[in-house]
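Visitor: The structure follows.
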Amino acid sequence: MIAPRRFLPSIPSLLALEAVDRLGSASAAAAELSLTQSAISRQLRSMEEQLGVDLIQRTQMRLHLTPAAKEYVETARTVLHQLAQASLKLKANPTGGSLNLSILPAFGMHWLAPRLQDFALRHPEVTVNLNTRLKPFDFDTEHFDAAIHFGQQNWAGVNYLPIMREDVLPVCAPELLPRNADDIGWLLDAPLLHLETRPDAWEKWFAAQNCAATGLRGMLFDQFSTMGQATVHGLGVALLPSFLIEEDLKTGRLVPAWPGPSVSLGDFYLVWPKSRTESEPLRSFRIWLEGQIDPEPTGSNNITT
């Protein structure tokens, strides 16, 4: 149930309060909102009269929010942002719903994107909006309905749908491969490439091969795409997902750096917040995604933390 109407200030009043807090003056707020200073002042006075509390500390030079109003405006700012996002979703798809999905760049480009046309054909009423995030975030402060997560089930407050296990292989450019490539020891001295979001991936990989390795160093990358290109051009050896390098292995641009089995460092999941009711677009996407999931592969080592 929505609170009594007398506790709900008008949107123009909330916009005026938020702008004054952010910009520090009625004149700046008026310029941003295309109003006069007197109109801003009227909106603030109207809100103070409605709520029965002082919101503004007025001086000769600037307007300052009271401490209580500071806390209040943070909530108001979040609500205004959510309302704006809801309006954008409605405008983008007035006949159905939309799904704001956070994706991981490599997974989104190479696994999800080629399959999305099928979802669009099956659910033309749903608009899927994609945005990349490399790390988990707070669903309460972001506008996403769901996200693609890699790793373990360590994202608090979310539901999980397992999508696939990610197998990684150590690969390099052909010219970097030595004659003694069957000896795993050569990798300990090789230039190893690292991903920012998986700083201990090489240590876990060596552990899966029963080979002790510590203090491994090398070039650092924030995304698989740039690390993959650096590997193709001979800058080092990288642990890359098998789904990402199938074509490069077929063409010989990359070769396995060691003939051992692939290793799994984690899984991909669809996650969505437990604190919200599952929307119809999200439900349609989740059910469709379940139909895209392959059976669990066999033959690789699965490393968990």
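Visitor: So which lysines can K250 reach, going by Cα to Cα under 18 Å and dropping same-chain residues fewer than 8 places off?
Guide: Here the lysines satisfying the reach criterion relative to K250 do not exist.
Visitor: Near the amide H of D167, under 5 Å away, which other amide H atoms are found, from residues 5 or more places off or on another chain, if H is placed in the peptide plane?
Guide: It is S242, F243, by chain and number.
Visitor: Could you pull out every residue, at least 5 positions away or on a different chain, whose amide H is within less than 5 Å of the one on H123? Hs are placed 1.01 Å off N in the peptide plane, and Pro or chain starts have none.
Guide: Amide H neighbours of H123: none.
Visitor: Remind me, what semi-axes does the chain give for its equivalent ellipsoid, largest first in whole Å, using sqrt of 5 times each Cα gyration tensor eigenvalue?
Guide: 51, 24, 17
Visitor: Moving to a separate point now. Need the list of lysines near K91 for cross-linking: C-alpha distance under 30 angstrom, and skip anything on the same chain fewer than eight residues off.
Guide: Within reach: K135, K274.
Visitor: For the range 165-265, what is the Kirkwood hydrodynamic radius in Å, using each pair of distinct C-alpha atoms?
Guide: 13.4 Å
Visitor: Starting at the first residue of the range 133-145, write each ³J(HN,Hα) from the Karplus equation 6.51 cos²θ - 1.76 cosθ + 1.60 with θ = phi - 60°, in whole Hz, x for Gly and Pro.
Guide: Coupling constants for the range 133-145: 9, 8, 9, x, 9, 9, 4, 6, 10, 10, 8, 7, 8 Hz.
Visitor: If I require 30 Å or longer along the helix axis, counting alpha carbons, and a Kyte-Doolittle average no lower than -0.5, what helices from the chain are left? Use full DSSP H segments.
Guide: 67-92
Visitor: Under a 5 Å amide H to amide H cut-off, with H placed in plane at 1.01 Å, what residues pair with V237 once short-range neighbours are removed?
Guide: Placed amide hydrogens put L192, L193 under 5 Å from V237.
Visitor: Near P259, within a Cβ-to-Cβ distance under 11 Å, what is the net charge of the other residues, with Lys and Arg +1 and Asp and Glu -1?
Guide: -2
Visitor: Something else: For the chain, give the share of DSSP beta bridges that are antiparallel, in percent and rounded to the nearest 5; count only bridges with both residues there.
Guide: 65 percent
Visitor: Below 13 angstrom from the Cβ of E278, what's the summed charge of the other residues (Lys, Arg +1; Asp, Glu -1)?
Guide: Computed value for this residue: +2.
Visitor: Out of the range 148-214, which trypsin sites (Lys or Arg not before Pro) are coil in DSSP terms and have no more than 16 other C-beta atoms within 10 Å?
Guide: R179
Visitor: How would you order 214-221, 240-247, 99-106 from highest to lowest mean count of nearby Cβ atoms within 10 Å?
Guide: Listed from highest to lowest mean packing, they are 99-106, 240-247, 214-221.
Visitor: Could you work out the relative contact order of the chain? I mean the mean sequence separation of Cα pairs under 8 Å and 6+ apart, divided by the number of residues, in percent.
Guide: 19 percent
Visitor: With a 10 Å cut-off between alpha carbons and a GNM built on the chain, which of S262, S41, S275 moves the most?
Guide: Between S262, S41, S275, it is S41 that shows the largest mean-square fluctuation.
Visitor: With the cut-off at 19 Å, report for the range 5-92 the share of all Cα pairs above it, as a whole percent.
Guide: Everything past 19 Å amounts to 37 percent.
Visitor: Then there's this: If packing is taken as the average number of other Cβ atoms within 10 Å across a peptide's residues, how do 281-291, 78-88 rank, most packed first?
Guide: 281-291, 78-88
Laboratory data are not the source of any read-out in this text; all were calculated from the coordinates shown. Not measured: the values here are computed from a predicted model. Note: ideal-geometry Cβ built from the backbone for every residue, glycine included; neighbour counts use all protein chains shown.
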